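One structure is given below, encoded as structure tokens.
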Amino acid sequence: MRSVVLASCAAPTIISRASTRPSRHCSSVAAEDAGIVGSQGRDDYTYDDVEQYFNYMGFLATEGTYDRMEAMLKSGLHCIDIILLLACSENDTPKVQEILKAGADPTVRGIDGKAPLELATKPELVKLLKESLATKKGVAV
């Protein structure tokens with residue numbers, strides 16, 4: 001997975017009073033270092049993240065209620081593991097990769113008793129989950 005690089009550039013500044021040519025000071029910051037995708041850890045995921053993902057993927061629109069999400073939360077599952085289960089059921093490989101790296105548990109079982117590997121059907125996602133299970137520490141390198 002490639003890191004997104006953000007450029008932060010200040011307005012033109014004069015290097016010295018003798019110079020008439022402005023220069024720009026630019027620094028690059030990796031997305032993970034800037035607090036964007038990939039910088040969160042397991043305990044940084046909260047109820048709000050579950051709800052946002054639930055809505056973003058259209059579960060509320062198709063199911064009409066938050067009942068499934070609330071049942072998963074009340075079951076004691078960690079928020080990041082709930083997102084993993086939902087992402088696997090939707091074959092959302094980029095999201096699964098992100099949250100495995102953040103510490104989601106690939107051995108977790110949902111309230112229906114299914115593990116992420118049983119929910120995923122996309123070959124590249126199945127491969128990612130198998131690699132994660134083999135390394136027992138998230139995304140295989």
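Tell me yes or no: at least one residue of region 2-18 is modelled with pLDDT under 50 and either part of a helix (DSSP H, G or I) or open to solvent by less than 50 Å² (accessible area, probe 1.4 Å) (or both). Yes. All conditions but one from (1) surrounded by fewer than 17 Cβ atoms within 10 Å (Cβ to Cβ); (2) at positive phi apply to Glu131; the one that does not is (2). Inspection of region 71-82 identifies no residue that is assigned to a helix (DSSP H, G or I), among the polar types (S, T, N, Q) and over 12 Å from the mean Cα position of the chain (by Cα).
When you scan region 81-107, how many residues do you find that are under 17 Å from Thr46 (Cβ atoms) and without any contact (Cβ under 8 Å) to a residue 40 or more places away in the chain?
Here the count works out to 8.
The values are calculated or read from the model by the stated rules, or taken from the named source; none is laboratory data. Note that this is a predicted model, so its numbers are computed, not measured. Using ideal geometry, Cβ is built from the backbone for each residue, glycine included, and neighbour counts are taken over all protein chains shown. Note: accessible area is taken over every heavy atom of the protein model, side chains too, but ligands, DNA and RNA are not part of it. Shrake-Rupley method; radii C 1.70, N 1.55, O 1.52, S 1.80 Å.
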